[in-house]
Amino acid sequence: MTPTDQLRDTRQLRGIRSTPRRKVLISGAGIAGPALAFWLNRHGFAVTVVERASAPRSGGYPIDVRGTALEVVRRMGILPRLREAHIDLRRLTFLDGDGGEVASLDPHTVTGGVAGEDLEVPRGDLTEALHAAVRDDVEFLFDDSIDTLDQSGGHGVDVTFRGGGMRTFDMVVGADGLHSRTREALFGPEEQFHRYLGYCFAGFTMRNTFGLSHETVLWNTPGRAAALYAAGDDDQVHAFLSFARPQPPFDAFRNPEAQRDLVAAVFADAGWEVPGMVAALRDADDLFFDVVSQIRMPRWSSGRVALVGDAAYAPSFLTGQGSSLALVGSYMLAASLADRDHTAGFAAYEDSTRGFVTVNQDQVGKGDATLFPTTARALEQRNAMLRQLSTMPPSAAGRPAHSALTLPESMPVT
């Protein structure tokens, strides 16, 4: 046996790949990005994650992990950590325009979640758990982003970074959110894929002077909603102000003061605790303003570049499935690429995942949007529905859409 044969046999015995590892660049270190990095690394890829922020983003509003996504985090080994961070939301109370109670329900009755199984955790806890699971195995480039992508050479994707670096990757994946720059560079302006659902919202934190604990209180008048979300016994609550608007306020997207002015004008005559919320909005240093919308695309890849999570198929917060779709989509993309080239892998990803994405996006047409009625009659009908729901126990099965996909078995390379 020659020395070369001996080396090859030794590599095979040790499970070491004798072929070069395929290099993948992921843009975005939120939820989909680190999850995809984890699974691609397990399948033997050399992974780099680039993120505009200077570090993993902490804080943020609570998010849900349900159905099939629970199996993803279980297989990642982070389920126990997320169970510890779980927010035990116990009550959801709806109020009328005068602040009177309409109905008080178990939150799972409205969300379609399963008590004791589904998770609700602060967004920062999920991103920190994902980053911790993969930070020692993949390369992270913080405080940087993609400037240009060039696939014309035919050998890979030549990437120029805003920080000045230039590198070549076998594939690039955009996991950079609803307003994805990767999607724009690859497919063109967002407007052609953006399905506006008719609402805007502002989220921020404020002092908990209301005595709220483990509960959400939601105030409504036609076309307007205000919510206070107390994740625990903290001295802060998450505040949300949402309102209907025929067209997105494009002029306010990059202007925080214009956002504050717009929200204040919409809620100028509102009752209940809304005046205090608007005042807190003026001083909030963590304001997040956006539109309620979805991304609907005919395809999620072009050449050697693909999209995952909100960049490809944002379902909107009305479904509560954004994080779950990101986790499941990342798993499915990595599994599809494990033993295929980029062309076959991206095709398999779409074929296996699109149905699950669509059925969850379609939840906005099956009741969720009715939580924010735009007319007095619709509000009366919603309130009647809520009163009826308050007499019913939450379903033990959850919504079928949440578990409408069975994950393939993962066969990680060791």
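Determine, from the Cβ-Cβ distance of Asn255 and Asp283 and an R0 of 25 Å, the FRET efficiency 1/(1 + (r/R0)^6), rounded to the nearest 0.05.
Efficiency, from the Cβ-Cβ distance: 0.90.
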How far is helix 342-361 tilted, in degrees, relative to the longest principal axis of the Cα atoms in the chain, given as a value from 0 to 90 rounded to the nearest 10?
10
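Quick check: residue separation of Asp235 and Met392 times 0.36 nm, minus the Cα distance between them. What number comes out in nm?
Values: separation 157, 0.36 × 157 = 56.52 nm, distance 3.22 nm.
Working it through step by step, the gained length comes to 53.3 nm.
To the nearest 0.05, what FRET efficiency results for Ala132 and Ala46 with a Förster distance of 22 Å applied to their C-beta separation? Show your work: numbers first, answer last.
Working: r = 20 Å, r/R0 = 0.91.
With R0 = 22 Å, the Cβ-Cβ based efficiency is 0.65.
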Just report the Cα centroid separation between the stretch 258-308 and the stretch 311-359, whole Å.
25
HN-Hα J couplings of the stretch 31-40 from phi, Karplus 6.51/-1.76/1.60, θ = phi - 60°, integer Hz, Gly and Pro as x?
10, 4, x, x, 5, 5, 4, 4, 6, 5
How far is it, in nm, from the label point at Arg90 to the one at Ala185 when both lie 7 Å from their Cα along the line to the Cβ?
4.9
Residue by residue through the stretch 66-80, the couplings from Karplus 6.51 cos²θ - 1.76 cosθ + 1.60 with θ = phi - 60°, in Hz, x for Gly and Pro, are 9, x, 4, 4, 4, 5, 4, 5, 5, 5, 7, x, 9, 4, x
Using Cα atoms only, what is the angle between the long axis of helix 256-266 and the major principal axis of the chain, expressed in degrees (0 to 90) to the nearest 10?
30
With label points built 7 Å along Cα→Cβ from the Cα atoms of Ala265 and Asp147, find their separation and express it in nm.
3.9
Label of the coordinate-derived value, semi-axes √(5λ) of the Cα gyration tensor in Å, listed as [x] 49, 23, 20; [y] 35, 25, 21; [z] 41, 23, 19
[z]
Using R₀ = 30 Å, calculate the FRET efficiency as 1/(1 + (r/R₀)^6) where r is the Cβ-Cβ separation of Arg167 and Ser58; round to 0.05.
0.60
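Readers should treat all values here as calculations from the given coordinates under stated rules, not as data from a laboratory. Bear in mind that the values here come from a model prediction, so they are computed numbers and not experimental data. Neighbour counts run over all protein chains shown; Cβ positions are idealised from the backbone, glycine included.
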